[in-house]
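The values are calculated or read from the model by the stated rules, or taken from the named source; none is laboratory data. Quick caveat: nothing in here was measured; it's all calculated off a predicted structure. Ideal geometry is used to build each Cβ from the backbone, glycine not excepted, and the neighbour counts take in all protein chains shown. Just so you know, the surface numbers come from the protein's heavy atoms only, side chains and all, with ligands and any DNA or RNA stripped out. Shrake-Rupley method; radii C 1.70, N 1.55, O 1.52, S 1.80 Å.
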Amino acid sequence: MGTPLIRWMAIVLMGLLLQACGFQMRGTAIPPELMTMKVVGDNKSDLYRLVTTRLKAAGVKLADKEGIPVLTLSGVSSTSQVASVDAIGQAREYLLGYNTQFTVSMPGKPTQVFPITFNRSFLNKPDAALASSREQEQLGKEMQEQAANLVIRQLSQLKF
């Protein structure tokens, strides 16, 4: 009889401790000031499409008018550096980089700039060139997905 009561008390105590320390779940609730916004950027880029899709899914109305917050996606670049070579001098490992930034400007408030940088390592397998190129392409797509998720997450935490 005492075991369920002890478990229940432990769960309540853990909840109170988490609340007391200020823990909050990361959500994608966009602040009310940003529920209508304009998105500026290369509308043919994958990042632009991913971000606008996620904004629409979060209930944000995208408009093209004056006097509303503006989200600007810019400066997308990908890099590839040799990280290691084998005994005969062939590149075996690469460091793939993905860099971008976004700015949020709201009428009457200072513009806020947020840089985004991701790095991933990639093993080059010369005997499986097609598989290696697909893996590299997949890593690039994953970094774009993570960048789009990060934009939404940082927008949800934005304070003016």
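Which residues, taken from segment 70-105, are of a type in the set (Val, Ile, Thr) and within 21 Å of residue 50 (Cβ to Cβ)?
Of everything in segment 70-105, those that are of a type in the set (Val, Ile, Thr) and within 21 Å of residue 50 (Cβ to Cβ) turn out to be 70, 72, 76, 79, 100, 103, 104.
Answer yes or no as to whether residue 19 is open to solvent by 90 Å² or more (accessible area, probe 1.4 Å), touching a Gly at 6+ places or on another chain (Cβ under 9 Å) and not aliphatic (A, V, I, L, M).
Here the answer is no, as residue 19 does not meet what is asked.
Among the residues of segment 42-80 satisfying the criterion of being at negative phi, assigned to a strand (DSSP E or B) and of a type outside the set (Val, Ile, Thr), which is most open to solvent (accessible area, probe 1.4 Å)?
In the first step, residues of segment 42-80 are kept if they are at negative phi; the result is 42-58, 60-66, 68-74, 76-80.
Checking the rest, the ones that are also assigned to a strand (DSSP E or B) come to 61-62, 70-74, 76-80.
Add one more test, that the residue is of a type outside the set (Val, Ile, Thr), and what stays is 61-62, 71, 73-74, 77-78, 80.
Details: 61: 121, 62: 59, 71: 1, 73: 19, 74: 40, 77: 47, 78: 92, 80: 68 Å².
Only one residue tops the list, namely 61.
Cβ contacts < 9 Å: first residue free of Cβ contacts under 8 Å to residues at least 12 places away in the same chain, restricted to segment 54-70; second residue of a type in the set (Val, Ile, Thr) and open to solvent by 30 Å² or more (accessible area, probe 1.4 Å), any location; separation 6+ or different chain. Result?
57/28
Output the number of the condition that residue 129 fails; it satisfies all remaining conditions of (1) modelled with pLDDT under 95; (2) within 19 Å of residue 31 (Cβ to Cβ); (3) assigned to a helix (DSSP H, G or I); (4) of a type in the set (A, V, I, L, M).
Unmet condition: (2).
Could you list, in sequence order, all residues of segment 89-116 that are surrounded by 14 or more Cβ atoms within 10 Å (Cβ to Cβ) and closer than 20 Å to residue 152 by Cα?
98, 99, 100, 101, 102, 103, 104, 105, 106, 112, 114, 116
All but one of (1) at pLDDT 90 or above; (2) in a strand (DSSP E or B); (3) not polar (S, T, N, Q) hold for residue 122; which doesn't?
For residue 122, the failing item is (1).
Which condition breaks for residue 29 when tested against (1) in a loop (DSSP other than H, G, I, E, B); (2) open to solvent by less than 50 Å² (accessible area, probe 1.4 Å); (3) among the hydrophobic types (A, V, I, L, M, F, W, C)?
(2)
Quick one: count up the residues across segment 53-99 that are under 15 Å from the mean Cα position of the chain (by Cα) and of a type in the set (D, E, K, R).
The number of residues fulfilling the criteria is 1.
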